[in-house]
Amino acid sequence: MKKYYLSLLLSAFTLGAFAQSYYQLPAINAGTNPGNLNNDPEQPEGFLSGNNLGYTVVHSSNTADVWSSAQTIPFSFNFNGSAESTYFVSTSGVVTFASSAPALSPGFTPAALPAANIPSKSVMVWGLEVSGANDAVVSKTFGTAPNRQHWIIWASASNSGLGAGSQWAYWGIVFEETTDNIYIVDMRNYSQAGGNLAITAGIQINGASALMVSGSPALNATNLATGGNGSDASDNSFYEFIYGTQPQYDLELVSVSAPAMTGLSTNNTFEATVRNKGSQAVTSYDYNYDDGAGNTGSTAFSGNLASGAFGTITLSPGWTAPAAGTYNITLDVDNPNGNADANPGNNSTTVTVQAAADVPRRFLAEKFT
């Protein structure tokens, strides 16, 4: 059995600055949710409530485009540098920060941003509908302080682009504590007719400033299937919106695969997933370990990790336990292209491995008479 240890701190990142406020970094076919905090099944609201998974129903099925009652983010969060706590949700896929519900509804037809019918301080997966019997908008907070995420999910929604017959779309808008990052998550989509949805995904600061995901207002799902698809995060994509200026060099140690137990003769390579969140392609970096018992090592990466891309690396040679015991092993990545990393807070993680003496195995043959 292997355990997957995720870096505890997620930080800001990358592709194209916008008005010195937000920049955006796609994670297409990431195969995970941002931060790996939400590992719930991607299922209709009835399934979620029936299994007591702790979701709040923001909207039940409704053929009209209406705003929800006031909702609350359960932690401090800044949108475009300003503290926000109350938001409203439209059935058509828009979340807006406001002290009261807007008078104007966005409607179900997505358009390019900025759009006059989208309120200021909004995040959207605009163009979804929750008009079917199983459709709903739900919310839930994942994780522990100070690294929580608040999710708003359009569960089993529909969209005109998906065509006639059976269809569904699961998309989420996520607000993250401490980093103030915003994520739009492409979770699960299906079209019996073989169509693809068309929505506007992005953020609108005000009537003059906005940032869209490329492809909007006809953004397609990345994981659509005509025969059904996964109800977990293994086929998910997401789009990050980060407030600030993108650094040139920013590596993130996304996850590490490590055994809970190991033998004294086992070579442990600790395969890591690394992401380049800087603006520059990375052709070299170091992957290091320190077992806290005086044993260290480093493996050099050589290749090409494009801006926004994910890659894997293993220790070579790996770590072998020097004696029986419990080790808290720190693993980190640094030195991208020979430069300092602009955000070292997301470069390392610690895994705990118990080492035991190898026991010789003897085979016993039994004869039944």
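Report every pair of residues separated by at least 6 positions or lying on different chains whose Cβ atoms are under 8 Å apart, first residue within region 347-366 and modelled with pLDDT of 65 or more, second open to solvent by 100 Å² or more (accessible area, probe 1.4 Å) and of a type in the set (D, E, K, R).
Partner pairs satisfying both residue conditions: V351/K3.
Looking at T296, T314, T326, which one is β-branched (V, I, T), closer than 30 Å to N236 by Cα and at pLDDT 95 or above?
The match here is T314.
Return the residue satisfying two criteria in turn: it lies in region 302-311 and is open to solvent by 70 Å² or more (accessible area, probe 1.4 Å) and polar (S, T, N, Q), and of such residues it is modelled with the lowest pLDDT.
That would be S302.
Out of all the residues in region 286-301, is one or more in contact with a Ser or Thr (Cβ under 9 Å, 6 or more places away or on another chain), surrounded by fewer than 12 Cβ atoms within 10 Å (Cβ to Cβ), closer than 25 Å to T32 by Cβ and not acidic (D, E)?
No, region 286-301 contains no residue that is in contact with a Ser or Thr (Cβ under 9 Å, 6 or more places away or on another chain), surrounded by fewer than 12 Cβ atoms within 10 Å (Cβ to Cβ), closer than 25 Å to T32 by Cβ and not acidic (D, E).
Tally time: how many residues in region 130-153 are in contact with an Asp or Glu (Cβ under 7 Å, 6 or more places away or on another chain), within 19 Å of I184 (Cα to Cα) and open to solvent by 20 Å² or more (accessible area, probe 1.4 Å)?
Count: 2.
If I filter region 54-68 for residues that are among the aliphatic types (A, V, I, L, M), in contact with a helix residue (DSSP H, G or I) (Cβ under 8 Å, 6 or more places away or on another chain), touching a residue at least 24 places away in the same chain (Cβ under 8 Å) and surrounded by 14 or more Cβ atoms within 10 Å (Cβ to Cβ), do I get at least one hit?
Restricting attention to region 54-68, the residues satisfying the condition of being among the aliphatic types (A, V, I, L, M) are 57-58, 64, 66.
In the following step, the residues that additionally are in contact with a helix residue (DSSP H, G or I) (Cβ under 8 Å, 6 or more places away or on another chain) were identified as 57.
Then keep just the ones that are touching a residue at least 24 places away in the same chain (Cβ under 8 Å); that gives 57.
Okay, now just the ones that are also surrounded by 14 or more Cβ atoms within 10 Å (Cβ to Cβ), so 57.
Yes, region 54-68 has at least one match.
In the set T178, T200, which member is in contact with a Pro (Cβ under 6 Å, 6 or more places away or on another chain) and open to solvent by less than 10 Å² (accessible area, probe 1.4 Å)?
Exactly one of T178, T200 is in contact with a Pro (Cβ under 6 Å, 6 or more places away or on another chain) and open to solvent by less than 10 Å² (accessible area, probe 1.4 Å), namely T200.
Scan region 216-247 for residues that are out of contact with any Ser or Thr (no Cβ under 9 Å at 6 or more places or on another chain) and of a type outside the set (F, W, Y) and report the count.
Within region 216-247, residues that are out of contact with any Ser or Thr (no Cβ under 9 Å at 6 or more places or on another chain) and of a type outside the set (F, W, Y) number 8.
The values are calculated or read from the model by the stated rules, or taken from the named source; none is laboratory data. Predicted model only: the values in this text are computed from it and were never measured. FYI the Cβ positions are ideal-geometry reconstructions off the backbone, even for glycines, and counts take in every protein chain you see. Accessible surface is based on the protein model in full, side chains and every heavy atom, while ligands, DNA and RNA are left aside. Shrake-Rupley method; radii C 1.70, N 1.55, O 1.52, S 1.80 Å.
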